[in-house]
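> Handing you this structure, nothing more for now.
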Amino acid sequence: MNDVITFKAKDYKSGVKPIWCPGCGHFSVFNAVTKAMAGLGMNKDDTVLVSGIGCSSRLPAYVDSYGFHGVHGRGLAIAQGLKVARPELTVIAMGGDGDGFSIGGNHFMHACRRNVDITYVVMDNEVYGMTKGQASPTTPMDWDHSKLTPHGPGVRPFKPAALALAAGAPWIARAYSGNPNQMAHLLAQAIEFPGFSFLHVLSQCITFCPQQTDWKAIVNERQDAALEDEDEAARLFLHEDGFQTGLLYQRQRPTWPPEAAPPNDPDLTGGFRL
Amino acid sequence: MTQTDLAAFLAHSVELESEARERYLELADAMRAHHNTEVADFFMRMAHESGLHLEEVAQIAAENALPDLKPWEFDWPGEESPETASYEAIHYRLSLRQAIQLALENELAAQAFYASFAQSSADATTAELAAQFAHEESQHAAQLSVMLKELPPDDAHHREDDDDPHMPE
Ligand SMILES: Cc1ncc(C[n+]2csc(CCOP(=O)(O)OP(=O)(O)O)c2C)c(N)n1
Ligand code: SF4
């Protein structure tokens, strides 16, 4: 990363025009990603954005860096493999709540546990947007707007931050699509954190969940410093309303693999040694 | 930011105008992709106007060494720069009237931002420039108000969709 800011956020846009619905929160995440990259003066050639499948997972195509639009729920597997093989790269994985907590839920838990030095951004709109509005693991129990669950899914939604903490994530923050500048700052910190950093973004789906525009009035920014104590963080994540933004928890621990292969080592197997 | 600092004021002005332009361009493209052509054309026109204002501000700013602020270091009255349409206010079925109304609110927010500098800055050059920018924003706002007056009221059904994404209530 350079010390001097040489690029503006717009310089990190690929020129591919997003086809998201106007007003989709994922636009804001795109905005924050390019701002974080500009703020850190990131080198496009050393940065890789990896995603799964979903509206949210289209984001890497819109950024002028390397990118990999992967398989549904498998963005984290690809991102971790890449980082282990090429530790000198900055790797940012991303996707939706369906991608990350349903089909990719197992990868999520193990990525938190393994602690490879990557960033993971989940754009949580509490719905499967791309497939036209089915319930996801974070959908409220009584959300009855989908023809598949006309009386609501009837099951408790996940608490992503609590899950991440229990699985061992050392850095947990929450952002909101209504505040892309705060999100960009959090993302920059996530990228700089040496370990697995999980950024949970409340990102509205204006088309299937228009009621999410009400989030603006509920979201509140955390004023206190990030928690370092796991027990305190567990209490917070189990009992909060899920609308507190900011850096919530941070406790550094050794990353995986224990001894990373030196950059550009032609022997790729070195990075997989246990 | 100290309100007497000309360089900081200019850095904010450049960012404000360039963010407004970028957002209007993004909205125009998004509306076109969703076949809302008249709103797409209107946002494109707003992007063009923000671009003209940006050129003017950038020319003045070029004579000064501006601080290198990171995108999150700008000191805005709200979450985003004042002339930027917030994502919560946007929908693919936005009518032209609603789009103009939104743009009008953006112009007024920018005017208020510049006017606050004009009133509070102890530095004469900053105050003078800020007053000039505020005046320009108020002229844009007046033009949009005229456009609004000339438009017929919205059809009550403009938000209906043959393939509504929602369960009937
Ligand atoms: C293996 C597989 N199963 C199912 C699908 C269908 N599918 C595509 S996107 C998606 C869910 C997307 O929801 P989310 O990840 O929350 O992203 P959003 O579209 O809301 O941004 C599903 C189930 C698929 N593409 N591949
Ligand atoms: S369906 Fe929802 S998530 Fe997908 S682009 Fe539209 S608003 Fe965004």
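The values are calculated or read from the model by the stated rules, or taken from the named source; none is laboratory data. Please read these numbers as outputs of a predicted model, since none were measured by experiment. Every residue, glycine among them, receives a Cβ derived from its backbone with ideal geometry; neighbour counts consider all protein chains shown. Please note that ligands, DNA and RNA were not included when accessible areas were found on the heavy atoms of the full protein model with its side chains. Shrake-Rupley method; radii C 1.70, N 1.55, O 1.52, S 1.80 Å.
> Kindly indicate which of B:Ala20, B:Ala99 is open to solvent by less than 10 Å² (accessible area, probe 1.4 Å) and more than 27 Å from B:Leu129 (Cα to Cα).
So the residue among B:Ala20, B:Ala99 that is open to solvent by less than 10 Å² (accessible area, probe 1.4 Å) and more than 27 Å from B:Leu129 (Cα to Cα) is B:Ala99.
> So, one more: If only one of A:Gly129, A:Gly96 is within 14 Å of ligand 2 (Cβ to nearest atom) and under 30 Å from B:Pro82 (Cβ atoms), which one is it?
Values: A:Gly96 fails: under 30 Å from B:Pro82 (Cβ atoms).
Answer to the check: A:Gly129.
> Shifting gears a bit: Quick one: in the stretch A:111-141, which of the residues that are within 6 Å of ligand 1 (Cβ to nearest atom) and of a type outside the set (A, V, I, L, M) is nearest to the other protein chains (Cβ to nearest Cβ)?
That would be A:Gly129.
> If we scan the stretch B:61-69, do we find a residue that is at the interface with chain A (Cβ under 9 Å from one of its Cβ atoms) and in contact (Cβ under 8 Å) with a residue 24 or more places away in the chain? Working first, answer last.
Residues of the stretch B:61-69 that are at the interface with chain A (Cβ under 9 Å from one of its Cβ atoms), as a first pass: B:68-69.
Now drop any that are not in contact (Cβ under 8 Å) with a residue 24 or more places away in the chain, which leaves B:69.
Looking through the stretch B:61-69, at least one residue is at the interface with chain A (Cβ under 9 Å from one of its Cβ atoms) and in contact (Cβ under 8 Å) with a residue 24 or more places away in the chain.
> Under 6 Å between Cβ atoms, at least 6 apart or on separate chains: pull out the pairs that start in the stretch A:119-136 with a residue that is more than 23 Å from A:Ala79 (Cβ to Cβ) and end on any residue that is among the aromatic types (Phe, Trp, Tyr).
Note: pairs meeting the criteria are A:Val127/A:Phe208; A:Gly133/A:Phe208; A:Gln134/A:Tyr128.
> Right, A:Cys55: within 14 Å of ligand 2 (Cβ to nearest atom), open to solvent by 20 Å² or more (accessible area, probe 1.4 Å) and touching a residue at least 60 places away in the same chain (Cβ under 8 Å) or not?
Answer is yes for this residue.
> Would you be able to say whether some residue in the stretch A:196-212 is surrounded by 22 or more Cβ atoms within 10 Å (Cβ to Cβ) and either more than 16 Å from ligand 1 (Cβ to nearest atom) or in a helix (DSSP H, G or I) (or both)?
Yes: the stretch A:196-212 contains one or more residues that are surrounded by 22 or more Cβ atoms within 10 Å (Cβ to Cβ) and either more than 16 Å from ligand 1 (Cβ to nearest atom) or in a helix (DSSP H, G or I) (or both).
> If the requirement is being in contact with a Lys or Arg (Cβ under 7 Å, 6 or more places away or on another chain) and surrounded by fewer than 21 Cβ atoms within 10 Å (Cβ to Cβ), which of these qualifies: B:Glu79, B:Glu88, B:Glu73? Don't jump to the end; show me each part of the working.
Working: B:Glu79 fails: in contact with a Lys or Arg (Cβ under 7 Å, 6 or more places away or on another chain); B:Glu73 fails: in contact with a Lys or Arg (Cβ under 7 Å, 6 or more places away or on another chain).
Exactly one residue qualifies, and that residue is B:Glu88.
> Which residue is nearest to the other protein chains (Cβ to nearest Cβ), if the candidates are limited to the stretch A:173-192 and must be within 23 Å of A:Pro257 (Cα to Cα) and open to solvent by 10 Å² or more (accessible area, probe 1.4 Å)?
Across the stretch A:173-192, the extreme among qualifying residues is A:Gln189.
> Can you tell me which residue among A:Ala188, A:Ala175, A:Ala217 is in a strand (DSSP E or B) and of a type in the set (Gly, Ala, Ser)?
A:Ala175
> Quick one: is A:Ala226 away from ligand 1 (no atom under 16 Å from the Cβ) and within 14 Å of chain B (Cβ to nearest Cβ)? Spell out the reasoning first.
Values: away from ligand 1 (no atom under 16 Å from the Cβ): yes; within 14 Å of chain B (Cβ to nearest Cβ): no.
No: the conditions fail for A:Ala226.
> Okay, next question. Could we say that B:Arg45 is buried (at least 20 other Cβ atoms within 10 Å of the Cβ) and closer than 17 Å to B:Glu136 by Cα here?
Judged against the criteria, B:Arg45 is not a match.
> Quick check: anything in the stretch A:149-172 within 16 Å of ligand 2 (Cβ to nearest atom) and buried (at least 24 other Cβ atoms within 10 Å of the Cβ)? Before the answer, list the steps.
Step one: of the stretch A:149-172, the residues within 16 Å of ligand 2 (Cβ to nearest atom) are none.
No; the residues of the stretch A:149-172 include none that is within 16 Å of ligand 2 (Cβ to nearest atom) and buried (at least 24 other Cβ atoms within 10 Å of the Cβ).
> Of everything in the stretch B:22-68, what is in contact with a helix residue (DSSP H, G or I) (Cβ under 6 Å, 6 or more places away or on another chain) and not in a helix (DSSP H, G or I)? Give them in sequence order.
Passing the criteria: B:Asn64, B:Leu66, B:Pro67.
> Considering the stretch B:70-109 alone, what residues qualify as being in contact with a helix residue (DSSP H, G or I) (Cβ under 6 Å, 6 or more places away or on another chain), part of a loop (DSSP other than H, G, I, E, B) and away from chain A (no Cβ under 12 Å)? Please lay out each step first, then the result.
Within the stretch B:70-109, the first condition is being in contact with a helix residue (DSSP H, G or I) (Cβ under 6 Å, 6 or more places away or on another chain), and the residues that meet it are B:70-72, B:74, B:81-85, B:87-89, B:94, B:96, B:99-100, B:102-104, B:107-108.
Within this subset, residues satisfying the condition of being part of a loop (DSSP other than H, G, I, E, B) are B:70-72, B:74, B:81-85, B:94.
Listed by number, the residues that qualify are B:Pro82, B:Glu83.
> Additional query: How many of the residues making up the stretch A:88-109 are touching a Pro at 6+ places or on another chain (Cβ under 6 Å) and either surrounded by fewer than 18 Cβ atoms within 10 Å (Cβ to Cβ) or under 14 Å from A:Thr119 (Cα atoms) (or both)?
1
> Among the residues of the stretch A:1-47, what is the count of those that are surrounded by fewer than 23 Cβ atoms within 10 Å (Cβ to Cβ) and more than 8 Å from chain B (Cβ to nearest Cβ)?
Selection size over the stretch A:1-47: 19.
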